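**Student:** Sharing a structure with you now.
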Amino acid sequence: MKIICIGRNYAKHAKEMNAEIPTTPMFFMKPDIALLRPGTPFFYPKFSKDIHFECELVVKINRVGKNIAEKFAHKYYSEIGLGIDFTARDLQQTCKKNGHPWEIAKAFEGSAPISKEFIPKEELDLDNLSFTLKQNGKLVQEGNTTDMIFKIDSLIAYISQFMTLKKGDLIYTGTPEGVGPIAIGDELVGEIGDRELFNVKIK
Ligand code: MG
């Protein structure tokens, strides 16, 4: 199983990071041990002092595919979930400055909380799908698929040029604006509509 994460897929988030708006999708990967199973707390790691949340819609691949045409991409997923792309922002800034890879900032253990359930896409309007993240009850991120620079089907087409997608692979589709730091004691709740999909406690 692989976890593929899209960077800068929302213009306002690219802006808050002082980054260019991409003209092709940008992705990086997390290992399977990055997945934080539902109900598991996240333990703040010693190597960072600035872990940020990035709440993202997650696409679960349901069959094997390579070089998938965008018009057929919808056949390769049937469910949508919600997750967090935890980012060690301090380490990421250093990596960026030095032109180094991002793994220590993005791919660490537990850096990919995932929802307890995935929603069949037939129940959702993927062209206009809202999701939210609350930190200790306060709304901090609110995203909508209408603001995605690259839509789900084009992401699948793009990624599958480079690597075969397999059943169970997860694509974290990028975060909207409003990213921010977490602290020990925090509770992060992600929702699609009024369905609570994850509740992550920071310890
Ligand atoms: Mg992200």
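The values are calculated or read from the model by the stated rules, or taken from the named source; none is laboratory data. In this text the structure is predicted, and so the values were computed from the model without any measurement. Backbone-built Cβ (ideal geometry, glycine too); neighbour counts: all protein chains shown. The accessibility values were calculated without ligands, DNA or RNA, using every heavy atom of the protein model including side chains. Shrake-Rupley method; radii C 1.70, N 1.55, O 1.52, S 1.80 Å.
**Student:** Filter segment 75-95 down to the residues that are within 29 Å of V179 (Cβ to Cβ) and assigned to a helix (DSSP H, G or I), then identify the one that is most open to solvent (accessible area, probe 1.4 Å).
**Tutor:** Q93
**Student:** So, one more: Please specify each residue of segment 159-182 satisfying the condition of being open to solvent by less than 50 Å² (accessible area, probe 1.4 Å) and within 16 Å of the ligand (Cβ to nearest atom).
**Tutor:** Initial filter on segment 159-182 (open to solvent by less than 50 Å² (accessible area, probe 1.4 Å)): 159-160, 163-165, 168-176, 178-180, 182.
Across segment 159-182, the qualifying residues are I159, L170, I171, Y172, T173, G174, T175, P176, G178, V179, G180, I182.
**Student:** Collect the residues in segment 137-153 that are open to solvent by less than 10 Å² (accessible area, probe 1.4 Å) and of a type in the set (S, T, N, Q), keeping them in residue-number order.
**Tutor:** Answer for segment 137-153, where residues must be open to solvent by less than 10 Å² (accessible area, probe 1.4 Å) and of a type in the set (S, T, N, Q): Q141, T145.
**Student:** Now for a different question. I'd like to know if segment 96-110 contains one or more residues that are outside any helix (DSSP H, G or I), more than 15 Å from F53 (Cα to Cα) and either away from the ligand (no atom under 16 Å from the Cβ) or of a type in the set (A, V, I, L, M) (or both). Please lay out each step first, then the result.
**Tutor:** Filtering segment 96-110 for residues outside any helix (DSSP H, G or I) gives 99-102, 107-110.
Filter again for more than 15 Å from F53 (Cα to Cα), leaving 99-102.
With either away from the ligand (no atom under 16 Å from the Cβ) or of a type in the set (A, V, I, L, M) (or both) added as a condition, the list becomes 99-100.
Looking for residues that are outside any helix (DSSP H, G or I), more than 15 Å from F53 (Cα to Cα) and either away from the ligand (no atom under 16 Å from the Cβ) or of a type in the set (A, V, I, L, M) (or both), one finds at least one in segment 96-110, hence yes.
**Student:** What do you reckon, is I156 open to solvent by less than 10 Å² (accessible area, probe 1.4 Å), away from the ligand (no atom under 16 Å from the Cβ) and touching a residue at least 60 places away in the same chain (Cβ under 8 Å)?
**Tutor:** Details: open to solvent by less than 10 Å² (accessible area, probe 1.4 Å): yes; away from the ligand (no atom under 16 Å from the Cβ): yes; touching a residue at least 60 places away in the same chain (Cβ under 8 Å): yes.
Spelling it out, I156 is indeed open to solvent by less than 10 Å² (accessible area, probe 1.4 Å), away from the ligand (no atom under 16 Å from the Cβ) and touching a residue at least 60 places away in the same chain (Cβ under 8 Å).
**Student:** Can you pull out every residue in segment 6-25 that is in contact with a Lys or Arg (Cβ under 6 Å, 6 or more places away or on another chain) and either of a type in the set (D, E) or outside any helix (DSSP H, G or I) (or both)?
**Tutor:** Applying the first criterion (in contact with a Lys or Arg (Cβ under 6 Å, 6 or more places away or on another chain)) to segment 6-25 yields 14, 19, 22.
Of everything in segment 6-25, those that are in contact with a Lys or Arg (Cβ under 6 Å, 6 or more places away or on another chain) and either of a type in the set (D, E) or outside any helix (DSSP H, G or I) (or both) turn out to be A19, P22.
**Student:** Give me a count of the residues in segment 130-153 that are closer than 12 Å to A73 by Cβ, within 16 Å of the ligand (Cβ to nearest atom) and assigned to a helix (DSSP H, G or I).
**Tutor:** Here is the first cut: in segment 130-153, the residues closer than 12 Å to A73 by Cβ are 150-153.
Narrowing the set further to residues that are within 16 Å of the ligand (Cβ to nearest atom) leaves 150, 152.
Within this subset, residues satisfying the condition of being assigned to a helix (DSSP H, G or I) are 152.
Qualifying residue count for the region: 1.
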